[in-house]
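The values are calculated or read from the model by the stated rules, or taken from the named source; none is laboratory data. Computed from a prediction, not measured in an experiment: that's the story for all the values here. FYI the Cβ positions are ideal-geometry reconstructions off the backbone, even for glycines, and counts take in every protein chain you see.
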Amino acid sequence: MFRQILPLLLILTVSFLPGCQSAETQSDVLIEMLAFSSLTEEEQQLIPASPKDSTVRKVMITEEIQPFIEKSYDQDEIYSVTFHNTESNTDGDLTVFVDLEKRTVVGKGSIRKP
């Protein structure tokens, strides 16, 4: 009896795993699109390929990124959306900061390279 149930349970478990992963990916895409739509036309022109050429990370707010975030934002963590290949000789990649809960843009900028 157990030998008949075990394969069925394994199949059901494995079938749910891709769904969990795609939900997280869809969330990242929504955050990327929100970040991209907050950019000016000039900033959008800096992105050579597409808004999908970016990385979404949940980060702690550090002294390095604090100047780029609205003063009224009082949380410790934030989404950081970094658009790749937008750096210049003096500045790093263009980064947009998004509130974790409200999913609103609370800052953006290019963190200066050392």
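Condition test on Ser72, is it assigned to a strand (DSSP E or B), at pLDDT 90 or above and touching a strand residue (DSSP E or B) at 6+ places or on another chain (Cβ under 9 Å)?
It is false that Ser72 is assigned to a strand (DSSP E or B), at pLDDT 90 or above and touching a strand residue (DSSP E or B) at 6+ places or on another chain (Cβ under 9 Å).
Name the single residue that is nearest to Gln45 (Cα to Cα) among those in the range 87-107 being hydroxyl-bearing (Ser, Thr, Tyr) and more than 16 Å from the chain's Cα centre (by Cα).
Step one: list which residues in the range 87-107 are hydroxyl-bearing (Ser, Thr, Tyr), which gives 88, 90, 95, 104.
Filter again for more than 16 Å from the chain's Cα centre (by Cα), leaving 88, 90.
Values: Ser88: 13, Thr90: 18 Å.
Ranking the qualifying residues of the range 87-107, first place goes to Ser88.
Within the range 30-52, count every residue that is exposed (fewer than 14 other Cβ atoms within 10 Å of the Cβ) and either over 17 Å from Gly109 (Cα atoms) or modelled with pLDDT under 80 (or both).
5
Count, please, the residues in the range 88-101 that happen to be surrounded by fewer than 16 Cβ atoms within 10 Å (Cβ to Cβ) and either closer than 22 Å to Asp28 by Cα or in contact (Cβ under 8 Å) with a residue 40 or more places away in the chain (or both). First the steps, then the outcome.
Looking only at the range 88-101, we keep the residues that are surrounded by fewer than 16 Cβ atoms within 10 Å (Cβ to Cβ), and these are 88-92, 100-101.
With either closer than 22 Å to Asp28 by Cα or in contact (Cβ under 8 Å) with a residue 40 or more places away in the chain (or both) added as a condition, the list becomes 92, 100-101.
Total satisfying the criteria: 3.
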